[in-house]
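Remarks on the structure that follows.
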Amino acid sequence: MTDFDYDLFVIGGGSGGVRAARMSASHGARVAIAEEYRYGGTCVIRGCVPKKLLVYASHFRDDFEDARGFGWTVGEHSFSWPALIAAKDKEIARLETAYRALLEKAGATVLAGRARIVDPHTVEIGGERITARYLLVATGGRPFVPEIPGRELGIVSNDAFHLSELPRRIVVVGGGYIAVEFAGIWNGLGAETTLLYRGAEILRGFDRDVRSFLHAEIQKKGVQVQCGVEVAAIERRAGAIAARLTNGETRLVDAVMFATGRVPNTVGLGLEAAGVELAADGSVRVDAHSRTNVPSIYAVGDVTHRLQLTPVAIREGAAVAATLFGGKPTVADHDDVPTAVFSQPPIGTVGLSEEKALERYPELEIYKTDFRPMKATLSGSTERTLMKLIVDRASQRVVGAHMVGADAPEIIQGIGIALKAGLTKADFDATVGIHPTAAEEFVTLRDRIVVTREPEDGAARAAV
């Protein structure tokens, strides 16, 4: 392999790229990695990690109220947005340093700067050309902002982590997980929050019961949700931002946040010149081994527009390293991937939604419960919890599990193992529940509804 400067050159220092670089180096490969912004990528620098820290912060208002029901006297309290952001920045800087240290310890060459592909084996960075036997594109994605008048006055999730002050009034545009998460953050921190979504219901692609349940819960907490509406134009007006909506309304706010999806970071990378095939949305087309149509170029993570989840990108990066340098061709598994939405209340989900399951199986058994959690009996909170299992009636295998409520992401991780193992409803029933917990409901569900796929009218439900 001495014909090239490196065995692998990774473009992008996010979770997928860093894992691929570290694992490849551990297999003895000569590795270089380049990042033009900060090591850690979207998740660590401007995504999952800082967002979760803000979610924690936004919960305390409810926690203070809940405490009264348990005998605590809560005194005067106030919130400082600058203090939160400063603490967040300190933690992100620590993580970035750790990422770089891990790469260096593994033996990878760590570069700062924007790398551009020149040909199937060459990149250019800082005016220098570097060759590698393999190139790996792991450049992630970026927020998409619709083309409307005044779009430059809006903010996106990247900007939200660096605002100098907390908006008092904000409109969040979008209905996906980023939109509902930030709606909960702003609302929890005391901002008057409106969530606008152009579709009929938020969280497209999630189970329908999850979608409608969360809609009702976040409205109870004070988020104004309007579906079938979006922002038509934005302008400055009398020290505020005027958001003109498609229904004719105008909202005067301090900020308009676009959470309207993400697009792959492929512009200007030189992929087309190297002959790499891109999809219509700009994402890199890859096979099961994350290889593009150019044999020496691979891609992982959000830039491929498969599952846009950090743990998935990490698995893909590790699979590329094992395939190229570990002597073990490996495919990242994208089935039954557990995921969470850190909304308020949060969502945990794994497997198929009822709608997707019905496309695959002719008959389902649906087990569902909706209850007031134990904590609320003293706190006085009106928040409720939803839990749902979807079972293929023929095999009795549990093919979907969904929860909305406190600790849902923590609980669904264990349920994810059960689904991955192919366990049946009888296996769930045979498991003793931990009492008193919400989690025990997953192994005590008894009431079922049978759902049958019928071509004439979609699906018929019948209680059994």
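Assorted remarks:
- Residue within the stretch 395-405 that is touching a residue at least 60 places away in the same chain (Cβ under 8 Å) and either outside any strand (DSSP E or B) or out of contact with any helix residue (DSSP H, G or I) (no Cβ under 7 Å at 6 or more places or on another chain) (or both) present: yes
- Hits in the stretch 219-250 - residues which are in a strand (DSSP E or B) and crowded, with 21+ Cβ neighbours inside 10 Å: 225, 231, 234, 241, 243
- Subset of the stretch 111-126 (residues that are over 21 Å from residue 293 (Cα atoms), part of a strand (DSSP E or B) and touching an Asp or Glu at 6+ places or on another chain (Cβ under 8 Å)): 111, 112
- When residues of the stretch 23-50 are limited to those that are aliphatic (A, V, I, L, M) and under 19 Å from the mean Cα position of the chain (by Cα), the one farthest from residue 110 (Cα to Cα): 49
- Unique residue being within 30 Å of residue 406 (Cα to Cα), open to solvent by 10 Å² or more (accessible area, probe 1.4 Å), of a type in the set (Val, Ile, Thr) and within 26 Å of the chain's Cα centre (by Cα) when the list is 148, 155: 155
- Leading residue by the ranking (surrounded by the fewest Cβ atoms within 10 Å (Cβ to Cβ)) among those in the stretch 35-70 that are touching a Leu at 6+ places or on another chain (Cβ under 9 Å) and among the small types (Gly, Ala, Ser): 69
- Filter pass, residue 320 being free of Cβ contacts under 8 Å to residues at least 40 places away in the same chain, buried (at least 22 other Cβ atoms within 10 Å of the Cβ) and under 18 Å from residue 121 (Cα atoms): no
- Answer residue from the stretch 1-36, given it is hydrophobic (A, V, I, L, M, F, W, C) and assigned to a helix (DSSP H, G or I) and is farthest from residue 139 (Cα to Cα) among those: 25
- A residue that is hydrophobic (A, V, I, L, M, F, W, C), surrounded by fewer than 17 Cβ atoms within 10 Å (Cβ to Cβ) and under 22 Å from the mean Cα position of the chain (by Cα) can be found somewhere in the stretch 78-93.
- Of all the numbered requirements in (1) touching a helix residue (DSSP H, G or I) at 6+ places or on another chain (Cβ under 9 Å); (2) outside any strand (DSSP E or B); (3) surrounded by fewer than 22 Cβ atoms within 10 Å (Cβ to Cβ), residue 185 misses one, and that requirement is (3).
- A Cβ distance below 6 Å, combined with a sequence gap of six or more or placement on separate chains, defines the contacts here; from the stretch 355-369, residues that are polar (S, T, N, Q) reach residues that are crowded, with 16+ Cβ neighbours inside 10 Å in the pairs 369/387; 369/441.
- Count of residues meeting criterion [over 19 Å from the mean Cα position of the chain (by Cα) and surrounded by fewer than 23 Cβ atoms within 10 Å (Cβ to Cβ)] in the stretch 192-212: 6
- Unique residue being crowded, with 17+ Cβ neighbours inside 10 Å and under 22 Å from residue 300 (Cα atoms) when the list is 131, 109: 109
- Test for residue 353: is it in contact with a helix residue (DSSP H, G or I) (Cβ under 8 Å, 6 or more places away or on another chain) and either of a type outside the set (Lys, Arg) or surrounded by 18 or more Cβ atoms within 10 Å (Cβ to Cβ) (or both): yes
The values are calculated or read from the model by the stated rules, or taken from the named source; none is laboratory data. Just so it is clear, the model here is predicted, and its values are computed rather than measured. Backbone-built Cβ (ideal geometry, glycine too); neighbour counts: all protein chains shown. Each accessible area value is taken on the protein alone, full model and side chains, heavy atoms only, with ligands, DNA and RNA left out. Shrake-Rupley method; radii C 1.70, N 1.55, O 1.52, S 1.80 Å.
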